[in-house]
Structures are given as structure tokens and as C-alpha cells.
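What follows is a short report on a single structure.
The values are calculated or read from the model by the stated rules, or taken from the named source; none is laboratory data. Please read all numbers here as calculations on a predicted model, not as lab measurements. For neighbour counting, all protein chains shown are included, and Cβ atoms are generated from backbone atoms with ideal geometry for every residue, glycine included. Each accessible area value is taken on the protein alone, full model and side chains, heavy atoms only, with ligands, DNA and RNA left out. Shrake-Rupley method; radii C 1.70, N 1.55, O 1.52, S 1.80 Å.
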Amino acid sequence: MFQSDASMPNPTTIMQCMTGHWAAAIVATAANASLFTHVERGARTCDAVAEAIGYSKRGTQALLDGLVGL
């Protein structure tokens, strides 16, 4: 019938394999867009960063949220 919780496989390892590259991809995207340089030069809002890097506001917000999450 049912297995006890102790014998159930733990999905943590699989999830880490699936999502492990996300942090590197977020930082690489920010670096490729020179996001950190624009922030250093005074871009302080999402709108200002979006304009400076040439991304949409929605995409920039997602990128900034990802960086904050790290």
C-alpha cells in the first residue's frame, strides 16, 4: 500500500540540480547588461535601470527581484 515517510525519496537533490544554475544566470545577465555599472553611475530606480540597460521595465523588475533574492 503506502510507504512510510521515512522511506519516501527526498526531492531536494533533484530540485537543486534543476535550479542550481539560476543564481549564476541571474548574475551573468546583470553583468552582461552592465547593470552594476549603471547603478554605480546613479541609476537608482527600476525605470532608470531599465532605460540605462535597454531592457523592458517588466524584465528589469524581474532581474532586480532575482538579484535581491540572492
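Using a 1.4 Å probe, what is the accessible area per residue for the chain, in Å²?
On a per-residue basis, the chain sits at 78 Å².
Placing +1 at every Lys and Arg Cβ and -1 at every Asp and Glu Cβ, with all other atoms neutral, what dipole size does the chain have around its Cα centre, in debye to the nearest 20?
160
Using volume of the Cα convex hull per residue in Å³ as the read-out, say which of [x] 72; [y] 112; [z] 99 was calculated from these coordinates.
[y]
Among GLY59, HIS38, THR12, whose Cα lies farthest out toward the positive end of the dipole of the chain, if unit charges sit on the beta carbon of Lys, Arg (+1) and Asp, Glu (-1)?
HIS38
Given the -39500 (n - 2.57) contribution per DSSP H run of 4+ residues, what per-residue ellipticity at 222 nm results for the chain, rounded to the nearest 500 deg cm²/dmol?
It lands at -18500 deg cm²/dmol.
Roughly speaking, to the nearest percent, how much of the chain's 1.4 Å accessible area is carbon and sulfur?
C and S fraction of accessible area: 59 percent.
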